[in-house]
Structures are given as C-alpha cells and as structure tokens.
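Colleague: Have a look at this one.
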Amino acid sequence: MVLRAQQVAQQETQRSAQQVAQQETQQSAQQVAQQETQRSAQQVVQQETQRSAQQVAQQETQRSAQQVAQQETQRSAQQVAQQETQQSAQQVAQQETQ
C-alpha cells in the first residue's frame, strides 16, 4: 500500500511537471509567434510609409523641376520676342530716318 501510494504520488508529480512544462512551452511559442507577427506588421507599415514618403518627395521634385524648366523656357521666349520686336522697330526707325 505504501509503495502504491508512492507510485501514485510520483505519477501525479510527473504529470503535473509535464503539464507545467507543456504550458510554458506553448506560452513561449505563442509569445514568439506574436512578437514575430507584430515585428513583421511594423516593418510592412514602416516600409509602406517610407515608400509613400519617397514617392511624394520624388513627385514634388519632378513637379518643381518641370515648373522651373517651364518658367525658364517662357522667360527665354519672351526675351527673344522682345529683342526681335526692338530690333525690328529700330530698323524701321533707322530706315525711316534715312
């Protein structure tokens, strides 16, 4: 009877220890999986944010460069037209004087 009681107690202790170890293992695995999922989600959000910011900056840079080029082209065309008009007027005035 004493041996039987010891065996039962030993089995209960082992079962309890196995259950605790199993629960700890499961909790640890769940925590690792949760951390990995959170880290992955954060990385995706961060990458998307960076990509979006880069796209906006690139678009702004292109728009600014296009505006500058357009302004320079317009200014140059206006200067040429103005010079041509002045030269033509001077030639006419000179011919009229002669």
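Colleague: Anything in segment 1-37 that is surrounded by 10 or more Cβ atoms within 10 Å (Cβ to Cβ) and over 53 Å from the mean Cα position of the chain (by Cα)? List them, or say none.
Modeller: Filtering segment 1-37 for residues surrounded by 10 or more Cβ atoms within 10 Å (Cβ to Cβ) gives 6-37.
Residues satisfying the conditions are GLN6, GLN7, VAL8, ALA9, GLN10, GLN11, GLU12, THR13.
Colleague: Can you find a residue in segment 86-94 that is exposed (fewer than 10 other Cβ atoms within 10 Å of the Cβ), of a type outside the set (A, V, I, L, M, F, W, C) and outside any helix (DSSP H, G or I)? It would help to see each step written out before you state the result.
Modeller: Looking only at segment 86-94, we keep the residues that are exposed (fewer than 10 other Cβ atoms within 10 Å of the Cβ), and these are 94.
Checking which are of a type outside the set (A, V, I, L, M, F, W, C) leaves us with 94.
Still in the list and also outside any helix (DSSP H, G or I): none.
Within segment 86-94, none of the residues are exposed (fewer than 10 other Cβ atoms within 10 Å of the Cβ), of a type outside the set (A, V, I, L, M, F, W, C) and outside any helix (DSSP H, G or I).
Values quoted throughout were computed directly from the atomic coordinates according to the rules given, and no laboratory measurement underlies them. This is a predicted model, so every value here is computed, not measured. Cβ: placed from backbone, ideal geometry, glycine included. Neighbour counts: every protein chain shown.
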